[in-house]
Amino acid sequence: MTEPGAAIAAPPDPGRSPVAASDPTDALDRELVRRLADGDRDAFRELFRRYAPTALAVARRVIRHARLAEEAVQEGFLALWGDPRRYDPARGSVRAWLMSAVHHRAVDLVRREEAQRRRATEAPPDPAPTDPGTTVVEEAGLREERAAVRAALEDLPPEQRRVIELMYYGGRSQSQIAGDLGLPLGTVKSRTLLGMRRLRAALGGMER
Amino acid sequence: MTLDHERIEELLAAESLGGLDGSGVEELRGLRMAHGADCSECLRIEGDYREVAGRLAFAVAPEPVAPELEERVLRETEHLRQGPGSPFVRVGRTMDLLLRLGGRGVAVAAAALVLLGGLGGYLLTGPGGPGDLRVARFEGSAPGSLALVYEPGADEAVVLGAGLEELPAGSVYQLWLVDEDGPAPAGTFEDEGGGLVVVRLEADPSEAGTMAVTVEEAPGVAQPTSDPVFVVDVA
Ligand SMILES: [Zn+2]
């Protein structure tokens with residue numbers, strides 16, 4: 001209740017959703033998803049080339065295991081190919097859907113892998129390369145998206161940002177984070193909520 | 001309602017980031033079931049947080065994708081039949097929903113089906129049109145959990161299992177539809193190590209009244225040879 005930032009983090013405003021349709025990058029992506037329904041592999045390749053590099057980077061941070069990260073990417077993208085109706089245009093952008101599909105698989109794999117390691121002592125996973133040494137050339141729309149998301153994260157109070165980063169990029173659960181940081185679980189929960197409210201307001205505002 | 005929403009929002013925020021563990025997932029499921037799975041405010045909050053979480057991926061610098069990975073994924077599209085009618089997709093969709101909720105409990109899968117209209121959506125769009133899809137959990141004496149997703153009056157139902165004990169070679173789990181005349185076999189299944197079991201029934205379990213699961217050493221027996229390890233009453 002006495003969390004820093006609590007006073008300024010507004011509750012969600014029903015009129016301002018980050019689920020915005022007026023987004024040129026997304027309009028293009030939606031067209032590609034429509035083409036997937038007709039079995040159009042070129043459309044699929046285009047989506048894969050545009051988003052797999054980001055999906056892979058996130059999956060590697062979460063899993064820290066090159067092969068498993070690739071598996072998460074593969075499954076996430078193929079889920080959309082297998083049934084493009086899984087993506088519901090009323091509920092958000094194609095790129096966020098794809099990233100969530102891959103991220104959730106990555107988190108699931110890391111939890112399963114942790115459970116396995118608790119049962120049998122195995123070698124720890126390969127660390128992901130932190131600097132692959134190559135850059136991926138991207139179109140302008142995605143560069144703007146990166147800048148906006150980074151700015152929104154940087155604007156968070158550091159303690160909220162820390163919790164969200166450990167959770168999303170580190171694949172840690174709220175209770176693991178409470179243990180890692182020596183914080184009460186309730187504090188981790190409220191920081192998560194306050195941080196997500198702020199991100200929602202910041203990113204929703206950008207797209208309007 | 002407002003109190004519900006505060007708690008549900010807190011859980012959805014964490015869920016979208018992959019931060020819930022099993023108990024959080026269960027809590028979210030229970031709260032949403034009690035509160036109303038189709039509450040538009042909850043669905044909106046969920047959609048918004050998923051959108052925010054998905055976009056957080058873009059704060060990370062992209063990494064080059066090996067050409068072999070792209071080739072592998074594109075090759076898969078040649079073998080993968082599209083649409084909800086393909087068995088792969090049907091199971092894949094269930095798995096997808098389960099994973100998206102970040103848990104492995106069957107209650108989660110069942111809730112996911114109801115909340116997100118996955119397999120449930122498929123059942124509901126069958127020839128009978130929209131109906132009332134129900135989820136019933138089996139009571140069990142064996143490890144793991146099982147749930148039945150069915151629609152009274154529809155000759156189709158799905159049994160979802162998670163965390164079941166792996167059986168010795170040759171043994172199977174056998175499903176039974178039990179009515180006044182006793183048990184009738186309704187198919188067998190095994191836990192193939194994937195953690196999630198999906199069994200499709202071409203029957204209306206609500207006509208029988210009860211479903212049970214036994215462990216059988218020989219597949220396809222006509223009568224159970226042991227006591228049930230899971231039982232559910234079907235209204
Ligand atoms: Zn609600």
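Every number in this text was worked out from the coordinates using simple rules, so none of it is lab data. Small disclaimer: the values here were computed from a predicted structure and weren't measured. In this analysis, Cβ positions are derived from the backbone assuming ideal geometry, glycine residues included, and neighbour counts consider all displayed protein chains.
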- How well do other chains shield peptide A:51-62, expressed as the mean number of their Cβ atoms within 10 Å of each residue Cβ? 5
- Query: Taking square-rooted eigenvalues a ≥ b ≥ c of the alpha carbon gyration tensor, is the stretch A:132-206 rounded, prolate or oblate, where a/c under 1.5 means rounded and, failing that, a/b exceeding b/c means prolate?
  - Reply: oblate
- Could you tell me whether the stretch B:3-58 comes out rounded, prolate or oblate from its Cα gyration tensor? Rule is a ≥ b ≥ c as square roots of the eigenvalues, rounded for a/c under 1.5, then prolate if a/b exceeds b/c, otherwise oblate. oblate
- Would you order A:Val107, A:Val33 from fewest to most other beta-carbon atoms within 10 Å of each residue's own beta-carbon? A:Val33, A:Val107
- Task: Could you line up A:Val73, A:Val149 from fewest to most neighbouring Cβ atoms inside 10 Å?
- Result: A:Val149, A:Val73
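Roughly speaking, what is the stretch gain from B:Cys39 to B:Asp233, that is 0.36 nm per residue apart minus the C-alpha to C-alpha distance, in nm to one decimal?
Contour length minus the Cα-Cα distance gives 67.1 nm.
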- Query: Under a plain spin-label model, where a point goes 7 Å from the Cα along Cα-to-Cβ, how far apart in nm are B:Gln223 and A:Ser175?
  - Reply: 4.6 nm
